[in-house]
Amino acid sequence: MSRTKRITLGLTAGALALGAGLGVTGMASAAETPTPSATASASASTDGTAATDSGKRGGHKGGDRGQLAADLATKLGVEEAKVTEAIKAFRDANKPTEAADGTAPAEGTAPAEGTKPDRSAMDAAMAKSLAESLGVEESKVTAALEEIRAAGQAERAAALKTRLDTAVADGKLTQAEADAVTKAVEAGVIGGGGR
């Protein structure tokens, strides 16, 4: 075997060993890293997303749908499984469909880029669908959804205030900067405390 081949093989073997060592180390540190868990005080908005104690949204699109179903079931006096099924049916019926080539939503099934769906129209459609599915008055479902959203907004606003107060106390922000963030959130310029 030529000297060049031996050097190349040696370098390749060394690189593989180093990569394997880093991979094992990464896996070992990942196994020791605690996994964040949902808190008992997580809340949900009508779109099914959850806010945790830190004020951050749920980890995946859709957030904590189970919490929305549980809250609605309690407020409406209906079995949670029925509410879960009704929410799933509504979401499935209103999910944007893919184009024929499977790359993007088909035209007319999703809001135009840079725009948001009409939240009040979606809330009304959801309330109507849930009322029909659950055999409950639409006004009762609408009121329950509004209460859940208001509670979620209040919790997110409180969590944001706590985080900003901590940042001010730690010297990371001035009180004026914290007040500006609060004002921007309340005006809907940036997210973080509610909508």
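The values are calculated or read from the model by the stated rules, or taken from the named source; none is laboratory data. As the structure is a prediction and not an experimental result, all values here were calculated from the model. Neighbour counts run over all protein chains shown; Cβ positions are idealised from the backbone, glycine included. All accessible areas refer to the heavy atoms of the entire protein, side chains included, with ligands and DNA or RNA removed. Shrake-Rupley method; radii C 1.70, N 1.55, O 1.52, S 1.80 Å.
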Could I have the simple spin-label model distance between Arg91 and Val189, label points 7 Å from Cα toward Cβ, reported in nm to one decimal? 3.3 nm
Zone of Thr74 (label point 7 Å along Cα→Cβ, backbone N under 20 Å): which residues in segment 148-165? 148-159
Take the Cβ-Cβ distance between Ser120 and Ala167 as r, set R0 to 41 Å, and report the resulting FRET efficiency rounded to the nearest 0.05. 0.75
Given 132-143, 66-77, the highest-first ranking by average Cβ count within 10 Å works out to 66-77, 132-143
Can you put Arg3, Arg163 in order of accessible area, largest first, using a 1.4 Å probe? Arg3, Arg163
Once you have the Cα-Cα distance between Thr4 and Ala180, take 0.36 nm times their residue separation minus that, and quote the gain in nm to one decimal. 56.9 nm
